[in-house]
Amino acid sequence: MIAHLKGREKALREFGWTGRHADWIALVCLHSGVFTRAQAMRFLDAHPEQARRVVHALIARGLAAEETVPGVRGIGRVCRIYSRRVYRALGAEHVRHRRDASKEVLMRRLLSLDYVIEHADLPWLPTEDEKVAAFEALGIERRLLPVRVYRGAAGNTRRHFPVKLPVALDSAHATFVYVDPGHDTATALRSWGTAHRALWRGLQSLGRSVEVVAVARASREIRRAERVMRGWAEDGVAEADPEIRDEIARIERAILQGAIQVLEEFGGLQAAMKRSVALTKQVRRRGGRGSIQRGTAWRTVRLAGARYR
């Protein structure tokens, strides 16, 4: 039994799914909407032929589609559960996971699921409503939660936790998962940290410890995330001035891409590296207490070979 599903998997009996298979479908729909056969094999402890039958059963009933994603290599075909009926049965009809997505968002969803598969016993808050309700129940004001405003013809829509990454919460700890689909710099990670900083500190004031887990495919991304999170835990690097963050990111990107013209603006490669180090130290000197207690990194095995551009 997976506690954080809260019995929602039982609603899938009408589709003929029970036991571990129902757990799997519910887990996918609530956390990603997509999965690979390798992920299904891991969770179901199944052979390739058994995973194939699971996928084909979904497709035959008009509930899902499986395809090779253009521009994405190294992970095989991706199955997407798109049926509104399935999500409605789970009480998550309006979750956007069932919709098609860009390659970057697709990879983010798959990486999120990969981490949850290995930590399914954690008290995850799968949906936006559950996240908001859980933190408000602690007395944390909604204004402290990460939010994005979407503007449309019918008016503005506010979405909390807009990136839709895994969050777990119990009486003593909070775990926030960040997923790096393959960014060139740490800019997205730093922005995500800035959006969560007020919430993290609100949790600390209530005696909850805060852990951030960075999920990635490559060693380069793991090392980069570890550096950023070390700063968050030590002295609030997340509070860096946006201009300083942008300059650090520009140097990182130039080094990674070998952009000689940009590096020359700083006096060459060595001078650019020294400038990046100096800026980071400057931020740390200005920082306050740490935003989190602990930052760790987790590298995927099943999706490590994924390549996309």
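Residue-normalised convex hull volume from the C-alpha trace of the chain: 149 Å³ per residue. Tell me, what % of the accessible area of the chain is carbon and sulfur with a 1.4 angstrom probe? Taking all protein chains in place, the chain shows 49 percent carbon and sulfur surface. Between Lys10 and Asp129, the contour length at 0.36 nm per residue exceeds the alpha carbon distance by 40.8 nm. Label sites at Gln261 and Arg227, each approximated as a point 7 angstrom past Cα along Cα to Cβ, lie 2.5 nm apart.
Taking R0 as 30 Å, what's the FRET efficiency between Ile244 and Asp170 from their Cβ-Cβ distance, rounded to 0.05?
With R0 = 30 Å, the Cβ-Cβ based efficiency is 0.25.
Taking every protein chain into account, the accessible area of region 110-205 amounts to 42 square angstrom per residue (probe 1.4 Å). In this simple spin-label approximation, His94 and Asp184 carry label points 7 Å from Cα along the Cα→Cβ vector, and these lie 3.7 nm apart. A helix-only calculation puts the chain at -14500 deg cm²/dmol for mean residue ellipticity at 222 nm, using -39500 (n - 2.57) for each DSSP H run of at least four residues, averaged over all residues. Each DSSP beta bridge with both residues in the chain is either parallel or antiparallel, and the antiparallel ones are about 60%. Here Val277 and Val301 are evaluated by their C-beta separation; at R0 = 30 Å the FRET efficiency comes out at 0.40. Using unit Cβ charges (K, R positive; D, E negative) and no other charged atoms, how large, in debye to the nearest 20, is the dipole of region 187-271 about its Cα centre? Using Cβ point charges on Lys, Arg, Asp and Glu, region 187-271 gives about 440 debye. Placing a label point 7 Å from the Cα of His160 along the Cα-to-Cβ direction, the residues of region 182-216 whose backbone N falls under 15 Å of that point are 196-203. Rounded to the nearest 20, the size of the Cβ-charge dipole of region 72-181 about its Cα centre is 800 debye, with Lys and Arg at +1 and Asp and Glu at -1.
Working ranking of peptides 21-31, 1-11, 258-268 by packing, defined as the average number of other Cβ atoms within 10 Å per residue, highest first, is 21-31, 1-11, 258-268.
The values are calculated or read from the model by the stated rules, or taken from the named source; none is laboratory data. All figures in this text were calculated on a predicted structure; none of them were measured in a lab. Note that we place each Cβ from the backbone using ideal geometry, even for glycine, and neighbour counts take in every protein chain shown. Areas reflect the complete protein model, heavy atoms only, side chains present, ligands, DNA and RNA absent. Shrake-Rupley method; radii C 1.70, N 1.55, O 1.52, S 1.80 Å.
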